[in-house]
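The values are calculated or read from the model by the stated rules, or taken from the named source; none is laboratory data. What you see is a predicted model, and the numbers here were worked out from it, not measured in a lab. Glycine also receives a Cβ, built like all others from the backbone with ideal geometry; neighbour counts cover every protein chain displayed.
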């Protein structure tokens with residue numbers, strides 16, 4: 001309990017039959033941090049989470065959760081953590097308040113259902129069957145179940161996947177509130193935007209390993225090209241080769257636009273405009289955007305997150 | 001601490017169980033409907049139940065009148081019809097047998113599809129034809145062997161419903177285990193419900209214990225309702241001790257709930273489980289003698305059925321309910337059921353996976 005680290009993992013390996021889901025993962029998360037594991041489907045995020053949650057035993061490696069070891073202090077750890085799955089499937093016939101009461105009964109100390117209902121804005125749904133809830137309400141209930149024991153450490157597996165922007169915003173506010181209450185949050189996501197606005201630190205994960213670790217700002221600043229010029233065309237984009245040759249910079253082609261990484265925005269942007277002018281390209285719009293975690297991922301793995 | 005969690009699990013488990021309309025129907029309403037339906041159709045009637053269509057072309061002769069009177073005396077209901085009307089009804093396909101002709105020259109036509117049903121009709125028609133002939137020639141009626149109706153154990157003087165009711169008690173134990181336990185287990189595992197519980201301090205033996213006790217309570221309530229309906233509708237009562245009946249029900253429920261968990265451990269999805277469950281359920285039910293005695297079946301089939309868990313269970317339930325037998329009289333059957341329960345319980349616990 002005295003450890004200042006909420007999570008400490010060293011050299012985790014896990015294979016399922018012939019698939020290596022996690023291959024040598026190290027991770028340290030200090031207490032009070034919101035940490036995001038970022039990566040595409042199949043990167044090993046869920047397996048990593050399940051090992052840290054004590055559900056899956058690693059093939060090798062060491063895990064300490066809140067300074068404790070699952071093998072000897074599992075029962076204590078379980079009373080101190082809260083877990084939300086991608087989709088927590090409860091009994092269809094359970095009502096919202098009953099679900100909170102039931103999960104509360106598992107713990108020596110539990111928060112009152114009425115308090116959680118207020119926190120989650122589910123007061124008017126207290127007597128509703130859980131299968132009648134909307135996607136956002138269901139995710140909030142799942143979060144409520146994860147918070148029922150007033151946990152020091154909360155695991156959230158893709159908490160906003162499949163939610164509309166408004167419901168996502170509500171959930172983000174709730175997660176920020178968890179941090180303000182001094183809890184540690186470990187979440188997984190494949191939304192870059194979510195990681196950028198929510199997480200103190202991010203680990204970029206691919207093929208069972210963490211490739212890069214840092215604050216979102218550090219990771220983006222670490223790119224050679226922190227910003228991009230996007231050249232948009234009315235129809236499909238023309239052949240980019242003459243343009244790229246003249247410009248002397250790599251051009252990334254999309255359906256209706258080109259993206260040009262700007263190492264030195266002031267100099268390179270002028271060059272881009274000059275080349276467009278010289279080649280008389282049918283450009284419709286030009287805008288400059290800051291690089292995102294998406295670009296970090298692309299650069300580290302050579303793949304897009306949504307592949 | 002564990003006791004508190006257990007009671008909470010028991011309470012919520014019962015509430016959730018009773019909220020599923022299908023579960024309530026199959027476990028509580030269905031046995032009552034079967035008892036009322038089959039009990040009424042196959043038992044308790046005083047007449048012979050034989051309905052016969054008699055095709056006659058002309059007016060009734062003296063022989064016809066004697067034959068008709070003899071049939072009526074044996075409780076057969078006879079419809080006299082003209083040839084065209086009778087042919088129409090025969091073509092309809094629902095008549096097991098039809099009597100044709102008049103004045104002493106008769107033919108009994110039997111529907112080959114329904115030959116089994118027509119057997120009783122034929123027996124009565126042949127027998128009463130001889131009676132009518134004897135009367136026509138001035139002899140007295142032939143003598144009959146007296147018939148004494150009683151139950152094998154000699155206690156329950158009841159009708160078919162008395163045979164059926166203990167069978168339904170046993171069948172209900174099989175249904176709650178195979179359908180209402182296994183399917184829940186597979187669904188929860190497939191949807192990650194168990195995984196979620198595994199991250200909490202809820203001990204799995206407390207959870208599973210509550211699940212088992214919920215089902216035992218449901219099955220005992222269902223049995224009590226069935227006994228009540230039996231008493232009110234057919235006047236049949238438990239001849240043995242209620243404590244024995246409850247004990248056998250609890251052991252039987254344990255046996256089939258274990259079977260449900262064991263079967264569920266082989267299925268990844270509810271769809272696959274339904275297939276496995278029916279594969280096990282149908283033969284167990286058909287071979288157990290719930291509805292009818294297997295006495296006419298081949299010997300190897302009967303011996304095979306004897307060692308399956310449902311057959312001895314129903315035999316014990318019948319012995320208690322109908323003949324007032326004590327448990328000590330039925331120890332071979334009870335040992336067999338107990339053995340199955342132990343084996344299935346060990347297999348189920350060994351194969352049970354939380355995550």
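To keep it simple, each residue is scored yes or no on (1) in contact with a strand residue (DSSP E or B) (Cβ under 7 Å, 6 or more places away or on another chain); (2) touching a residue at least 12 places away in the same chain (Cβ under 8 Å); (3) in the same structural domain as residue B:291 (by TED's automatic domain parsing).
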{"residue": "B:7", "(1), (2), (3)": "no, no, yes"}
{"residue": "B:11", "(1), (2), (3)": "no, no, yes"}
{"residue": "B:21", "(1), (2), (3)": "no, no, yes"}
{"residue": "B:25", "(1), (2), (3)": "no, no, yes"}
{"residue": "B:29", "(1), (2), (3)": "no, no, yes"}
{"residue": "B:56", "(1), (2), (3)": "yes, yes, no"}
{"residue": "B:78", "(1), (2), (3)": "yes, yes, no"}
{"residue": "B:87", "(1), (2), (3)": "no, yes, no"}
{"residue": "B:92", "(1), (2), (3)": "no, no, no"}
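Just to be sure, is residue B:153 surrounded by fewer than 20 Cβ atoms within 10 Å (Cβ to Cβ) and either more than 14 Å from every other protein chain (Cβ to nearest Cβ) or not in a helix (DSSP H, G or I) (or both)?
On the way: surrounded by fewer than 20 Cβ atoms within 10 Å (Cβ to Cβ): yes; either more than 14 Å from every other protein chain (Cβ to nearest Cβ) or not in a helix (DSSP H, G or I) (or both): yes.
For residue B:153, the condition - surrounded by fewer than 20 Cβ atoms within 10 Å (Cβ to Cβ) and either more than 14 Å from every other protein chain (Cβ to nearest Cβ) or not in a helix (DSSP H, G or I) (or both) - is met.
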Count, please, the residues in the stretch A:41-71 that happen to be out of contact with any strand residue (DSSP E or B) (no Cβ under 8 Å at 6 or more places or on another chain), more than 11 Å from chain B (Cβ to nearest Cβ) and on the phi < 0 side of the Ramachandran plot.
-> 3
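Can you tell me which residues in the stretch A:251-277 are touching a helix residue (DSSP H, G or I) at 6+ places or on another chain (Cβ under 7 Å) and not in a helix (DSSP H, G or I)?
In the first step, residues of the stretch A:251-277 are kept if they are touching a helix residue (DSSP H, G or I) at 6+ places or on another chain (Cβ under 7 Å); the result is A:251, A:260, A:262, A:271-272, A:275.
Result: A:251, A:260, A:262.
Please indicate, with yes or no, whether at least one residue in the stretch A:172-182 is assigned to a loop (DSSP other than H, G, I, E, B), modelled with pLDDT of 85 or more, surrounded by 14 or more Cβ atoms within 10 Å (Cβ to Cβ) and in contact with a strand residue (DSSP E or B) (Cβ under 6 Å, 6 or more places away or on another chain). I'd like the intermediate steps shown before the answer.
Taking the stretch A:172-182 and keeping what is assigned to a loop (DSSP other than H, G, I, E, B), we get A:181-182.
Pick out the ones that are also modelled with pLDDT of 85 or more and you get A:181-182.
Among the residues that remain, those that are also surrounded by 14 or more Cβ atoms within 10 Å (Cβ to Cβ) are: none.
The answer is no, given that none of the residues of the stretch A:172-182 is assigned to a loop (DSSP other than H, G, I, E, B), modelled with pLDDT of 85 or more, surrounded by 14 or more Cβ atoms within 10 Å (Cβ to Cβ) and in contact with a strand residue (DSSP E or B) (Cβ under 6 Å, 6 or more places away or on another chain).
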Considering B:13, B:104, B:75, which residue is touching a helix residue (DSSP H, G or I) at 6+ places or on another chain (Cβ under 9 Å) and within 14 Å of another protein chain (Cβ to nearest Cβ)?
-> B:13
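Can you tell me how many residues within the stretch A:278-297 are part of a helix (DSSP H, G or I) and buried (at least 17 other Cβ atoms within 10 Å of the Cβ)?
If we filter the stretch A:278-297 for residues that are part of a helix (DSSP H, G or I), which is where we start, we get A:278-279, A:293-297.
So of that shortlist, the ones also buried (at least 17 other Cβ atoms within 10 Å of the Cβ) come out as A:293-297.
Summing the residues that are part of a helix (DSSP H, G or I) and buried (at least 17 other Cβ atoms within 10 Å of the Cβ) in the stretch A:278-297 gives 5.
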Residue B:312 being more than 14 Å from every other protein chain (Cβ to nearest Cβ), buried (at least 23 other Cβ atoms within 10 Å of the Cβ) and not in a loop (DSSP other than H, G, I, E, B) | yes
Is at least one residue of the stretch A:230-244 under 19 Å from residue A:298 (Cβ atoms) and within 32 Å of the chain's Cα centre (by Cα)?
-> yes
Cβ pairs under 8 Å, 6+ apart or interchain, first in the stretch B:300-329 and on the phi > 0 side of the Ramachandran plot, second at pLDDT below 90, ordered by first then second residue, are B:324/B:153; B:324/B:155
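Could you tell me whether residue B:333 is part of a helix (DSSP H, G or I) and touching a helix residue (DSSP H, G or I) at 6+ places or on another chain (Cβ under 8 Å)?
Values: part of a helix (DSSP H, G or I): yes; touching a helix residue (DSSP H, G or I) at 6+ places or on another chain (Cβ under 8 Å): yes.
Against the criterion (part of a helix (DSSP H, G or I) and touching a helix residue (DSSP H, G or I) at 6+ places or on another chain (Cβ under 8 Å)), residue B:333 qualifies.
With the structure loaded, tell me whether residue B:250 is surrounded by fewer than 21 Cβ atoms within 10 Å (Cβ to Cβ), away from every other protein chain (no Cβ under 13 Å) and under 25 Å from residue B:308 (Cα atoms) or whether it fails that test. Talk me through it step by step, then tell me what you get.
On the way: surrounded by fewer than 21 Cβ atoms within 10 Å (Cβ to Cβ): yes; away from every other protein chain (no Cβ under 13 Å): yes; under 25 Å from residue B:308 (Cα atoms): yes.
Yes; evaluated as a whole, the condition is true for this residue.
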For residue A:195, state whether it is on the phi < 0 side of the Ramachandran plot, surrounded by 13 or more Cβ atoms within 10 Å (Cβ to Cβ), in contact with a helix residue (DSSP H, G or I) (Cβ under 8 Å, 6 or more places away or on another chain) and assigned by TED's automatic domain parsing to the domain that holds residue A:29.
-> yes
Hits in the stretch A:229-246 - residues which are at pLDDT below 85 and crowded, with 17+ Cβ neighbours inside 10 Å | A:237, A:240
Per-region count, the stretch B:188-217, residues buried (at least 18 other Cβ atoms within 10 Å of the Cβ), in contact (Cβ under 8 Å) with a residue 60 or more places away in the chain, under 34 Å from the mean Cα position of the chain (by Cα) and within 14 Å of another protein chain (Cβ to nearest Cβ) | 5
Please work out if residue B:66 is part of a helix (DSSP H, G or I) and either away from chain A (no Cβ under 14 Å) or at pLDDT 90 or above (or both).
-> yes
Just to be sure, is residue B:192 at pLDDT below 90 and assigned by TED's automatic domain parsing to the domain that holds residue B:281?
-> yes
Only one of A:220, A:204 that is closer than 22 Å to residue A:261 by Cα, part of a helix (DSSP H, G or I) and touching a strand residue (DSSP E or B) at 6+ places or on another chain (Cβ under 8 Å) = A:220
Tell me which residues, restricted to the stretch B:98-112, are at pLDDT below 90 and surrounded by 11 or more Cβ atoms within 10 Å (Cβ to Cβ).
-> B:101, B:102, B:103, B:104
Which of the residues belonging to the stretch B:3-60 are modelled with pLDDT of 90 or more and part of a loop (DSSP other than H, G, I, E, B)?
-> B:19
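Can you pull out the residues in the stretch B:338-351 that are more than 20 Å from residue B:182 (Cα to Cα) and touching a residue at least 24 places away in the same chain (Cβ under 8 Å)? It would help to see each step written out before you state the result.
So in the stretch B:338-351, the residues more than 20 Å from residue B:182 (Cα to Cα) come out as B:338-339.
Passing the criteria: only B:338.
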Exactly one of A:182, A:162 is touching a helix residue (DSSP H, G or I) at 6+ places or on another chain (Cβ under 7 Å) and more than 14 Å from chain B (Cβ to nearest Cβ), and that one is A:162
